[in-house]
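Here the structure comes first, spelled out in C-alpha cells, and everything after it is commentary.
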Amino acid sequence: MAKKPGQSVRGSTTGRPIMVLLDALGRRWALRVLWELSSGPSSFRDLQARCGDVSPTSLNARLKDLRDLQLVALTEEGYALTRHGRDLAARLGPLNAWANTWAKALG
C-alpha cells in the first residue's frame, strides 16, 4: 500500500509531502507508468507492453499504489492520469529536459 503524506517513508520520519511523493516515484515502474500514461489512457496489456513487458504482478502493484495516491484512475478507456497525475506529468517534462542537459554536461 502506498504511503500518504504524514506517514514516514524511506529517508523521512515526518512524512513531508515531497518525501512521500519522491518515495512513491522511486518505486520500480512508477515513473515509467506515469510517463507512458502521459500520452493518454491505456489498457493494462498495452501499458504492460509499453513498459517493456513489466510483469503483471509488478504492474498491478504499481497501478494500485498510483491509484491509492490519486495519480491514476481506471476509466472506461483504461488506465489514465487523474488531474493530479496530469499536473505531475506536466512538471516532469521540464525535469526531463534538465536531466538531458545535465547528462550532456557529464560527458
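The values are calculated or read from the model by the stated rules, or taken from the named source; none is laboratory data. For clarity, every value in this text was computed on a predicted model and none was experimentally measured. Counting neighbours? That spans all protein chains shown, and the Cβs are built from the backbone with ideal geometry, glycine included.
What the table below lists for this structure:
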| read-out | value |
| --- | --- |
| Subset tally (residues that are free of Cβ contacts under 8 Å to residues at least 24 places away in the same chain and part of a helix (DSSP H, G or I)) for region 32-56 | 7 |
| Residue check for Asn96: out of contact with any Ser or Thr (no Cβ under 9 Å at 6 or more places or on another chain), polar (S, T, N, Q) and at pLDDT below 95 | yes |
| Selection count where residues are out of contact with any strand residue (DSSP E or B) (no Cβ under 8 Å at 6 or more places or on another chain) and either within 22 Å of Glu76 (Cα to Cα) or at pLDDT 95 or above (or both), scope region 32-56 | 9 |
| Search result, residues across region 65-83 that are farther than 13 Å from Leu31 by Cβ, surrounded by 13 or more Cβ atoms within 10 Å (Cβ to Cβ) and without any contact (Cβ under 8 Å) to a residue 40 or more places away in the chain | Arg67, Gln70, Ala73, Gly78, Thr82 |
| Residue list for region 9-30, restricted to those being in contact with a helix residue (DSSP H, G or I) (Cβ under 6 Å, 6 or more places away or on another chain), hydrophobic (A, V, I, L, M, F, W, C) and surrounded by fewer than 19 Cβ atoms within 10 Å (Cβ to Cβ) | Leu25 |
